[in-house]
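The values are calculated or read from the model by the stated rules, or taken from the named source; none is laboratory data. Because the structure is a prediction, the values reported are computed rather than measured. Don't worry about glycine lacking a Cβ; one is built from the backbone with ideal geometry, like all the others, and counts go over all protein chains shown. Remember, those area values only see protein heavy atoms, side chains included, never the ligands or the DNA or RNA. Shrake-Rupley method; radii C 1.70, N 1.55, O 1.52, S 1.80 Å.
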Amino acid sequence: MKQFFLSCLLLILTGLSFSLYSQTPVRDSVASTDAYVPTTALKIGFVGALLYPGCQFALERPYQYTEVTKQRQQKVKRIYKERYIRYALGIYSHYRYHTNFFLQCENLQRRQKSTGWWFESSEGVGVSRTFVNGPAYTVSDEGAIHKATLAGNWYALVSVGGSVGYNFNLKKHQPFSVYCKHQWLVLFPYNTLFLPRPLIEMGLTCSLSHFWQAHPVKKSKIISSSK
Amino acid sequence: MRISYVIILIGLLIAGCQKSSFTKNGQANDQFFLKSGNIELPITVAGNVDAKKFLVIVHGGPGGNGLDYRDSYAMALAENKCAVVYWDQRFAGNSQGNNGATDISAFRQDIKNILLLLKAQYGQDIQIYLMGHSWGGFLTPYFLVEGNNQSLVKGWIQVDGAHNYRMNDSLTREMLISTGKQEIAAGRRSSDWQPVVDWCMANGFEGNDNAGQLNGYAHKAEEWIPAVTTPSNSTSSGGNNAALLSHWINERASGYLQLDGPAYTTPISDQLHLLKLPTLLLWGQYDFVCPLGLSTDIEKHCASTNLTKIIYEHSGHSPMVNEPVKFWEDVLAWMERN
């Protein structure tokens, strides 16, 4: 079962690699950041549910961003407050427990600094389907034993998370970012209550210029300070 | 497109090469699940299957964990001589799912289904010994007294079990008072014992609140007895891939659902006369949680003509933790004889 899912995952990964286009790098810096627009991006990350490995594919699409210009006496500082919707499909496998496929939609709030560093918080909702890691059997009232196929459970899911990343577009003019994200998935109802799962995700974000182009609403804000 | 076919082919090849989930000879380390309604209960069978003797552990709790019993002693001593079956009950350990039945009769059915599954997969000729500890010591006789369930089992091992909840609470209270007074008189940990004795003198044992308080004191009291020892090289079940958060949540779910509530209205004492199979009673001398008096009740009512009782002088509620070498030697020797 596990091998079958891993094969499918590999297949998806191969398929996705053919539709990945890199964005033409946007020349951007504190001096000329007018051209910077957050874009739709594909995220691929390795996930660890405590000790247990997995991965996550996500597509994030900006819907709004605010360019905040802070004018000080000697310098101008610019940050971007970006809002994204992120659609993510993830999997982790806990040996002798379950393999969990989860699909979630997240709302991201990202604070992109002109240095390239960004910080993000997110909250999401979704659905999870677990498959127990091992064969499962049912025993009928008459004592007959049957092997259960695809034994596991559906759960509703909510998540909260935070991440830090570096956007190579702003300083190095490369269309990708690297990030590290910590997330708590909460699966419910789990034996009447809920099951929290902490995840650590590390991965790569590639900007997509020709796929599902985003036209985020831009807002500007200028903060002047005499200090 | 061609690469997709190659990947699918490789995937199918790997899937086709999987070994059977059930080891038929040698040392087993099998993992499978019993699916019961919307709940999947994990079962680990580890040890020597050639002996055809299977020791099924019915863990404590409710909300305990079968793999907690798989420490270095169980692995080195018991798993060499027999196959040990570690099972997580519903709402316990790594059991997973939604909204399974909570009635104690569902636990009883789970035990029966596990035994049927073991016999179907490892052979109808295997000999199964059912070992209940604490709350598992309620479930085990509760299962055995029903219908012809005894025919599925070769022997019953009761380890500090709670077959009669009401009697259990009463005995705990009495033991806390009598031992507490002795310890105070001897000048040992008087400041710890005095409030416990005072509380027990002022309160009865009836009701959930009193039972909860008595249970809390009982666990503490065991730690205050100098004769109760734990070997320094005793190791826990680390490395068994227990899902810690699942275990934690299930423990809380068990409490929230008060799974053992019906045990108060289902005392097994008056049905023990139905039990005729070989019986081994193992008790810690200083078990305040399920006091020694419970074993006396079983001796008094059980109809088995083959009943052995062993008391562990340096143990509390869990002799497999306090005196693991002696404990496993006794269990294995008894299984060998029966």
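Here is how the numbers come out for the structure above:
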| read-out | value |
| --- | --- |
| B:GLU329/B:GLN27 FRET efficiency (R0 30 Å; Cβ-Cβ; nearest 0.05) | 0.90 |
| Proximal charge balance of B:ILE57 [Cβ under 11 Å; K/R count +1, D/E count -1] | -1 |
| Per-residue ³J(HN,Hα) for the stretch B:128-143, Karplus 6.51 cos²θ - 1.76 cosθ + 1.60, θ = phi - 60°, Hz, x for Gly and Pro | 10, 10, 9, 10, x, 10, 6, 4, x, x, 8, 5, 5, x, 4, 6 |
| Which of B:ILE298, B:ILE57, B:SER269, positive extreme of dipole for chain B (C-beta unit charges) | B:ILE57 |
| Accessible area (Å², 1.4 Å probe, nearest 10) - B:TYR217 | 40 |
| Environment charge at A:GLU60 (Cβ cut-off 11 Å; Lys +1, Arg +1, Asp -1, Glu -1) | +2 |
| Accessible surface of the protein assembly as shown [probe 1.4 Å, protein heavy atoms]: carbon and sulfur percent | 58 |
| Protection proxy ranking of A:62-71, B:141-150 - average other beta-carbon atoms within 10 Å, highest first | B:141-150, A:62-71 |
| Interface burial for A against B (accessible surface, 1.4 Å probe, total of both chains, Å², rounded to 100) | 3500 |
| Amide H partners (placed H, <5 Å) of A:ARG78, local residues excluded | A:LYS70, A:SER114 |
| Interchain or long-range residues, amide H under 5 Å from A:ALA214's placed H | A:THR40 |
| Listed residues B:HIS314, A:HIS173 arranged by accessible area, highest first, probe 1.4 Å | B:HIS314, A:HIS173 |
| Total formal charge among the other residues, if their Cβ is under 12 angstrom from that of B:ASN250, Lys/Arg +1 and Asp/Glu -1 | 0 |
| For the stretch B:155-262: relative contact order, % (alpha-carbon pairs under 8 angstrom, 6 or more apart) | 22 |
| The protein assembly as shown - share of DSSP beta bridges that are antiparallel (%, nearest 5) | 80 |
| Peptide B:24-36, shielding by other chains (average Cβ, 10 Å cutoff) | 4 |
| Cβ-placed point charges (K, R +1; D, E -1), dipole of the stretch A:2-224 about Cα centre in debye, nearest 20 | 1180 |
| Calculated FRET value between B:LYS52 and B:ALA101, using beta carbons and R₀ = 30 Å, to 0.05 | 0.40 |
| Inter-label distance for B:ASN208 and B:ASN306, nm, one decimal - labels placed 7 Å from Cα along Cα-to-Cβ | 4.3 |
| Cβ neighbours within 10 Å from other chains - mean over A:138-146 | 4 |
| Calculated from backbone phi, Karplus (6.51, -1.76, 1.60) coupling profile of the stretch A:135-140 in Hz, x at Gly/Pro | x, 10, 10, 10, 10, 6 |
| Å² per residue, accessible surface of the stretch B:102-195 at 1.4 Å | 33 |
| Of A:LYS113/A:LYS221; B:LYS300/B:LYS326; B:LYS52/B:LYS81; A:LYS147/B:LYS112; B:LYS24/B:LYS326, pairs whose Cα-Cα distance is over 20 Å | B:LYS300/B:LYS326; B:LYS24/B:LYS326 |
